Structure formats: C-alpha cells, structure tokens
Amino acid sequence: MVIAFASAVVAAASSCFVDRRSSSFECSDDGDCAEFADARVCDTTTGFCVPQQCPADCNAGCDLTAKTCRVTCPGPGCNGASIDCPDGFDCTITCGASSACSDIDCSNAAKCTIMCIGTNACDNIDCNGVGDPTCAITCNGTNACADIECDDAACQIGCVGSNACGDISCADSCNCTASCTAQNSCGLVTCPTGCMQGLGCGGCNTCGT
C-alpha cells in the first residue's frame, strides 16, 4: 500500500514537468499567430505558433511573413563583416558610426534602404543583381561609402560630405537620382542616357513604362 501511494505521488509530481502546450498557440497559418506581440509564425509541422528565426544578417529583427529585415551596426554580428540582405527581402540597413559596416550586398534583395553615417561607415554597396532591387542610399560623412552599383530598378543616392561616395554606376537604372552636394562629394558618376544633372543624375524616370 505504501509503495503504491509513493508511486502515485511521484507520478503526480512528474506530471507537473510535462511540456503541455497551450491551445492558444495552436495554428493552421500565420494569421492565427497575429495576436502575439513577438511576431510569431505558424509552424505547420507541429501546428503551433513559434518565435521567428530571423536570417543571421537581420540582427535588429525581421518579419518572415512580410519579408522585412532590419540590420543595425554597430551591433551583434557586425564587426566589419559584410552584410547580405536575404533573397527577396526588404532590408533597412543602418551603419551609424565610423567603420560600422564593410561591403553591403543587396543584389538578390527586393528593396534596400541603406544609411551610412560617419567616416568610412560603409564599403562597396551592390544593388545590381538578379533580384532587381530598388535601393535608397544615404552616404553622409567623409568617405561614408565606397563604390555604389545599381541595377535597372529605381536607385536613389544622396552623398553629403567630402568624398562621401566613391564611383556611382546607375546607367541601367530606370530612375537614377544621384545627388552630389559638392564637387568632391562623388567619384565618377555614370547616369542613364540624358539624365546627367548637375554633379549627379536625375530628371528622368522610365520605371513601369
């Protein structure tokens, strides 16, 4: 009798440690997980809402459903390493200090918004690739950005400061706006035909035509 009672107590205690998932986490698609503040997604294999596993470069968070990615440097995983916007994602990349970032690769992205603020904040920026990314790039500071290459999608570039941008290549862009605020703000600027404007590019837009 004593042994049976002891076994029952042990079984009852053990049941307290069983992983019992709440029914509130059950889902059939991502819409069922919208109520959670930590932006969970539906794991259709288990049928439960689980935390998102962001791509490694998205050190400031992501939304896998909307395919958005945030990168902030200095920050975890930066350390001068190159930044690669995941394929098909809309990335917001902030390099907010001297030598915060190395090369930035948005060649397979859907869209990139890039802010390089500070001396040598960024190295080369690649917005030219199979992803046909739309890019908006701000280079503010002495040598804030190295060379910038754009694809045939819209590309907006602002260069503020001494040698803020290296060479800019957007000859294939359907809408290239490259603003060089001073004579020494940009290196060699290659614009679409007929779009040279002042020290940079602008004044034409054939996107969507």
Distance in nm between residue 196 and residue 28 label points, each 7 Å along Cα→Cβ, equals 6.2
From fewest to most C-beta neighbours within 10 Å, the residues 71, 41 line up as 41, 71
per DSSP, antiparallel bridges as share of beta bridges in the chain, % nearest 5, sits at 20
The chain, Gaussian network, Cα under 10 Å: of 84, 30, 132, the residue fluctuating most is 30
If the label point sits 7 Å along Cα→Cβ of residue 188, residues of region 131-152 with amide N under 15 Å come out as 147-150
The FRET efficiency for residue 206 and residue 130, from their Cβ-Cβ distance with R0 = 25 Å and rounded to 0.05, is 0.75
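Give me 98, 107, 173 sorted ascending by neighbouring Cβ count inside 10 Å, so fewest comes first. The partial results should precede the final answer.
On the way: 98 15, 107 19, 173 30.
So the ranking, lowest neighbour count to highest, is 98, 107, 173.
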Rounded to one decimal in nm, the spacing of the 7 Å Cα→Cβ label points at residue 147 and residue 99 is 2.3
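What does the charge count around residue 186 come to, taking other residues whose C-beta lies under 12 Å from its C-beta (Lys +1, Arg +1, Asp -1, Glu -1)?
On the way: positive: none; negative: 147, 167.
Taking every other residue near residue 186 into account, the sum is -2.
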Calculating Rg and Dmax of the Cα atoms in Å from this structure picks out, from (1) 17.1, 61; (2) 24.3, 80; (3) 24.5, 96, entry (3)
Rounded to whole angstrom, the alpha-carbon centroid of region 157-185 lies from that of region 113-145 at a distance of 10
Expressed in nanometres to one decimal, the distance between label points 7 Å along Cα→Cβ at residue 60 and residue 37 is 2.1
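Read-outs: derived from the displayed coordinates by stated rules, not from any lab. Source: prediction; values computed, not measured. No Cβ is skipped: glycine too gets one built from the backbone with ideal geometry, and neighbour counts run over all protein chains shown.
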